[in-house]
Amino acid sequence: MKTVHRQFLLDIFKLADVLLLIAAFIVAENLSNPDYTISRITGMVSPRISVLNSFLGLLVLLSWHLIFLWFGAYDTKRFTALIEEVFIVLKGVLFCTAVIVLIDFHRPLDLVNLPFIHLFFFTSFTFLITLRVILRFTLGFLRAKGRNIRYILIAGTGQRALAYVSYINNNPELGYRVRGFVDSSWHGPQKKNEQLPDIVCGFDDFSSYVRENIVDEVVVCLPIKTCYKKIYTILDDAQDQGVLVRMSTDLFDLKRAWTKIEHMGESPLITIVTGAMYRRRVLFKSVFDFLATCLLLVFIAPLFLLIAIAIKSTSKGPVFFLQPRVGMNKRIFNVIKFRTMVVGAEKQIEQLMHLSERKEEPAFKIKNDPRVTPVGRFLRKLSLDELPQLINVLKGDMALVGPRPMSVRDFSLFNKDWQRRRFSVKPGITCIWQVSGRDNIPFERWMEMDMEYIDQWSLWLDMKILLKTVPVSIFGVGAS
């Protein structure tokens, strides 16, 4: 599709967004004000309206447009999943609603009230998502039929390049057609698939091929270590001729990590991330943890008081026990627990080391620990001694769910680097290990379960672990 034609359609798309937001505004006003009359809207745009109100109206429309531009709502979405586009629209609508609220805060508007805000948010989000779903399926259908096709070259013939071709061939709705490979010779598996294109040029004649053929994009799938000069040549030649270049970010064949493109100022960075928890996704986890912890602390405040009285009246010493633990990225923090042992219990570890059930592992455990008080044994059996760690969650040192925080002593005994990956996330009050047998699980398996949690994390997984924690705590499964 010609650039001018595409820009024209993009401008119509931008205009449609603004019109849908205006429509959402009118619908929300109708539904939120039963005594609504059309005169209230016409009054807003009548000649008698002040210049200031006219300016505010234009400011709102311009703000809406700039907000969606800022969030990339009009960037190409061929490789963007629908859920990602939903998230972009959600952020845009949230900020558009905030603009109305801010204007109303500084200059109260008759049309704006709390029901209106809720309805505008819901209606505008529904309208904009519906438009994008229709547009996505319409464009996908047209591209599958051969309209709006983009021709690409793939630099390299290795496994990564073949996987890219396979994805393109299996998704015709993307509207891509592979011209062929750029390489000096075939480096992938033996070519048996007739759908695979041929090598159309080498690196030396890449520039002349692009000059004489229709090429919209070049995808570079070459190992950066051995092909740096070839990659540089392709980038330089493509730049000269104004051809878009995409670089595969899977450059280092990492087994567990994934990559993300970010920017530091104007400099692009390839960020390599390990595990499923990362910034924007984990933000929801942090918000959930904070809100849930506040509610829990209010709900169990009487229980806190009863436990404190029981501890203080049956043994000498403070109610709470603070112990240095290793947190996220190996930062040391003080974990807060109800005291379940006699005062000075930490100093007795060396004397009792011969009783540890895990002599060969970096975890000190005694089944019938003589240092534990009678009340402490009861608290440990029901995991009630862990409740003050909710304060650690509010402080940001811990999460509700995550690998259990290790003592500094146990951390110093770790002898495998892969086990230390558990410190790449916040430690938690409960975890998979704690709801799966706890002290009955060998240390090695315990560490493996922490890795599984990090790699497979989701809010739903957190919810399942929290729900399992309740019966495990009540019945004292695996506790000592």
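Laboratory data are not the source of any read-out in this text; all were calculated from the coordinates shown. Here the structure is a predicted model, which is why all the values come from computation and not from measurement. Backbone-built Cβ (ideal geometry, glycine too); neighbour counts: all protein chains shown.
Here Phe95 and Leu10 are evaluated by their C-beta separation; at R0 = 22 Å the FRET efficiency comes out at 0.60. Using C-alpha pairs under 8 Å with a sequence gap of at least 6, the mean separation divided by the residue count of segment 150-253 gives a relative contact order of 31 percent. Count the net charge of all other residues whose Cβ sits under 14 Å from the Cβ of Phe338, scoring Lys and Arg as +1 and Asp and Glu as -1. Taking every Cβ under 14 Å from that of Phe338, the sum is +4. Beyond a 22 Å Cα-Cα separation, which of these cross-linked pairs lie in this structure: Lys330/Lys395; Lys337/Lys381; Lys91/Lys330; Lys225/Lys416; Lys395/Lys426; Lys381/Lys426? Going by Cα-Cα distance, Lys91/Lys330; Lys225/Lys416; Lys381/Lys426 fall outside the 22 Å limit.
Net length available on complete extension from Lys229 to Asn329 is 32.3 nm, with 0.36 nm assigned per residue and the Cα-Cα distance removed.
Which of Ser207, Ser184 comes first, and how do the rest follow, when ranked by fewest Cβ neighbours within 10 Å?
Lowest count first: Ser184, Ser207.
Give, in nm to one decimal, the length gained when the segment between Asp240 and Arg177 is fully stretched (0.36 nm per residue of separation minus the Cα-Cα distance).
Fully extending the segment from Asp240 to Arg177 adds 20.4 nm.
Highest average first, the peptides 118-131, 233-246 ordered by how many other beta carbon atoms sit within 10 Å of their residues are 118-131, 233-246.
Among Lys285, Lys225, Lys381, sorting on how many other beta-carbon atoms sit within 10 Å of each Cβ, with the fewest leading, yields Lys225, Lys381, Lys285.
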